[in-house]
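Data block below; observations after.
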Amino acid sequence: MINRLAILVIVSFVFVACEKAQDTKGETIPPIAIFQKSQKPELVVAYLTNLLENQDGANLYYLRAKAYFDLRAYQKAQLDIEQALNQVPGDLDYLLLSAQIKSHIGLISEAIEDAKLVESSGLASAKLYEILSNLYLENNEKKLGYFYLRKLEQVGIPSSERLHVDFLKRQFRLDSIGALQSVQLTDINHPDLAHAYFSYQIGRIPNITYQKQILAEIKKYPLDPYLMFSWGQFLVHVGQFSQAEKVLKQSVAWLPQHTAMRMALAHFYLNRKQFDQVELALAPLASNPRVIRDVLYLKVLVALNRGEKSKSVALLDSARKVFVGDGRFSLLYDRLVGKKPDSVNKTQDSTQQIVP
């Protein structure tokens with residue numbers, strides 16, 4: 001009863017304050033100080049949703065997008081920040097949040113564009129440099145990523161981000177395994193570290209411990225697609241394939257443009273010999289330059305598993321000429337047409353990835 005009364009008082013206070021605060025366009029808006037206090041994001045979302053039923057405003061969409069982002073409901077956050085930017089395209093706060101959101105939903109190039117627009121304004125902030133550093137790392141542009149990491153160190157690393165920055169530093173030093181091993185359970189309040197921890201620990205800690213830990217986090221962040229995806233991978237690990245499929249599909253539904261999740265779902269179906277589902281999972285990635293060669297390789301494996309050798313050879317023959325530096329296509333092509341290159345005994349046989 002006391003808790004309900006306290007919430008009612010807070011909401012009443014916020015409502016009164018909102019009636020007194022207006023922006024230059026005459027919109028009724030809540031003072032920013034109200035949202036900077038330590039409120040639960042879900043309460044902020046509920047309050048702003050109620051406001052949006054009766055009035056419109058870029059600021060309201062921005063604040064709700066920020067609350068959704070804190071809840072790790074990235075797709076919902078994306079919808080709101082787009083509404084805000086449609087109304088006020090050049091707002092730096094909106095663009096910075098948009099870059100953060102896009103980085104989490106897999107739109108890396110678009111996120112970089114938003115962040116660079118903020119940088120072009122002359123803003124020098126730790127948050128901006130951390131976002132750019134992480135984005136360029138994701139985009140395999142490590143020199144640029146490290147450049148922004150140095151700029152971040154020059155302006156000062158916020159204490160709340162120090163563990164995440166240390167995590168990034170290890171990756172820039174080409175120590176990805178060391179970076180993953182460094183993340184402890186006590187670090188998972190940071191969403192990126194939580195995602196790294198749960199993706200890495202599958203099969204490395206007792207199953208019952210992993211299950212207890214991840215379900216506790218999912219209870220706190222039920223809309224976090226990365227937690228859900230790791231839970232799906234764990235279900236695969238323990239042989240619960242039917243339930244795993246539902247969970248993995250839900251993750252992809254939440255982040256339909258996330259290439260790594262789609263590729264993982266395709267591999268899941270390949271291992272289950274559900275070849276039609278492999279092709280459905282890969283269809284949206286057919287023209288994506290970041291994963292086009294991996295998509296093509298999976299299509300070759302599907303054709304081989306279906307017994308379509310001539311189709312596989314034709315695909316491999318084209319691919320090995322286009323992607324000269326990717327040895328997978330040449331090795332598998334040579335294996336299928338009966339060639340025995342000198343390096344075949346020194347390189348892992350690509351056909352080992354084919355489902356028996």
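The table below gives the values:
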read-out	value
Scan of segment 257-274 for residues that are touching a residue at least 60 places away in the same chain (Cβ under 8 Å) and either among the polar types (S, T, N, Q) or outside any helix (DSSP H, G or I) (or both), ordered by number	Gln257, His258, Thr259, Asn271, Lys273
Qualifying residue in segment 272-288 (condition: open to solvent by less than 10 Å² (accessible area, probe 1.4 Å) and among the β-branched types (Val, Ile, Thr))	yes
Hits in segment 289-306 - residues which are in a loop (DSSP other than H, G, I, E, B) and either open to solvent by 40 Å² or more (accessible area, probe 1.4 Å) or of a type in the set (Gly, Ala, Ser) (or both)	Pro289, Arg290, Arg306
Enumeration of residues in segment 170-209 that are out of contact with any Phe, Trp or Tyr (no Cβ under 9 Å at 6 or more places or on another chain) and of a type in the set (D, E, K, R)	Arg170, Arg173, Asp175
Criterion (more than 24 Å from Ala77 (Cβ to Cβ) and of a type in the set (Val, Ile, Thr)) met by exactly one of Ile214, Ile202, Ile188, Ile218	Ile202
Among residues of segment 183-227, those that are more than 26 Å from Arg162 (Cα to Cα) and either in contact (Cβ under 8 Å) with a residue 24 or more places away in the chain or aromatic (Phe, Trp, Tyr) (or both), counted	2
Residues that are under 16 Å from His258 (Cα atoms) and open to solvent by less than 10 Å² (accessible area, probe 1.4 Å), drawn from segment 64-94	Arg72, Ala73, Tyr74, Ala77
Pick from segment 134-184, criterion under 20 Å from Leu123 (Cα atoms) and of a type in the set (Lys, Arg), ranking: surrounded by the most Cβ atoms within 10 Å (Cβ to Cβ)	Lys151
Residue match in segment 239-250 (condition: outside any helix (DSSP H, G or I) and at positive phi)	yes
Matching residues in segment 95-122 - criterion: being over 19 Å from Gly145 (Cβ atoms) and open to solvent by 20 Å² or more (accessible area, probe 1.4 Å)	Ser121, Gly122
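The values are calculated or read from the model by the stated rules, or taken from the named source; none is laboratory data. These numbers come from a predicted model, not from an experiment. As a convention, Cβ positions derive from the backbone with ideal geometry for all residues, glycine included, and neighbour counts pool all protein chains shown. Surface accessibility is based on the protein's heavy atoms, side chains included, excluding ligands, DNA and RNA. Shrake-Rupley method; radii C 1.70, N 1.55, O 1.52, S 1.80 Å.
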